[in-house]
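**Student:** My structure is below; once you've seen it, I'll send some questions.
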Amino acid sequence: MEIKGEHWLPAPPEVVWQSLHDVDTLRATIPGCKELTQTAPNCFEGTASVGIGVIKGLYKGGIELVLENPYSEACLTVNARSGHAEIRGTGDISLEPSGEGTLIRYRGEARISGPLAAVGQRLLPSATKSLTESFLRNVEEALRNQRVDKGA
């Protein structure tokens, strides 16, 4: 299963990059995030409540940035487990200056295993795309709020 897309964010790539590495920003913008801690400079662990079809549940997992080119691109791995499913994925993001902001492009692949894999695999593409788009809208709002707070 593959997803891809793009989203414009109202800040330069350096600011977007910093936001995507800030545990407080991530905690506030990841949909359903209950807790998130940074366990290493490029690793985060936490829990999130996902409420989409049979994929619904409380997932515990992590994100690792496995390859980074600061301010322009990163590759990451994601793993999450609930009582009835395990989800593993990889993804790439790129940041490009665009006007007064940044165009972020993303591509990812994910697999679900466990008791709900047969049903969940069909829902995973739309669920993953929806969660990714929600996350990016939340980041956009956080960046807009930062600009207002700084008087920009």
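**Student:** List the number of the failed condition for K150; all other conditions in (1) closer than 19 Å to V50 by Cα; (2) at pLDDT below 80 hold.
**Tutor:** Unmet for K150, out of (1) closer than 19 Å to V50 by Cα; (2) at pLDDT below 80: (1).
**Student:** Further, regarding this structure: Scan the stretch 1-50 residue by residue and report those that are hydrophobic (A, V, I, L, M, F, W, C), part of a strand (DSSP E or B) and out of contact with any helix residue (DSSP H, G or I) (no Cβ under 6 Å at 6 or more places or on another chain).
**Tutor:** W8, A40, C43, F44, A48, V50
**Student:** Say whether the condition of being at negative phi, assigned to a strand (DSSP E or B) and at pLDDT 95 or above is met by at least one residue in the stretch 82-90.
**Tutor:** yes
**Student:** From the list S94, S82, which one is of a type in the set (G, A, S) and more than 16 Å from the chain's Cα centre (by Cα)?
**Tutor:** S82
**Student:** Then there's this: Can you tell me which residue among Q38, Q18 is among the polar types (S, T, N, Q), surrounded by 15 or more Cβ atoms within 10 Å (Cβ to Cβ) and under 21 Å from N138 (Cα atoms)?
**Tutor:** Matching residue, one of Q38, Q18: Q38.
**Student:** Now a separate question. Pairs please, first residue from the stretch 6-32 and under 13 Å from N145 (Cβ atoms) and modelled with pLDDT of 95 or more, second anywhere and surrounded by fewer than 16 Cβ atoms within 10 Å (Cβ to Cβ) and among the acidic types (D, E), Cβ atoms under 9 Å, 6+ apart in sequence or on different chains.
**Tutor:** Final answer for the pair search is P10/E100; A11/E100; T29/E141.
**Student:** Also, quick follow-up: List every residue pair whose Cβ atoms lie under 6 Å apart, where the two residues are 6 or more positions apart in sequence or sit on different chains, the first residue falls within the stretch 71-91 and is among the acidic types (D, E), and the second residue, located anywhere, is modelled with pLDDT of 95 or more and not in a loop (DSSP other than H, G, I, E, B).
**Tutor:** That search, which allows pairs on different chains as well, returns E73/S94.
The values are calculated or read from the model by the stated rules, or taken from the named source; none is laboratory data. Computed from a predicted structure; not experimentally measured. With ideal geometry, Cβ positions are generated from the backbone for all residues, glycine too; neighbour counts draw on all protein chains shown.
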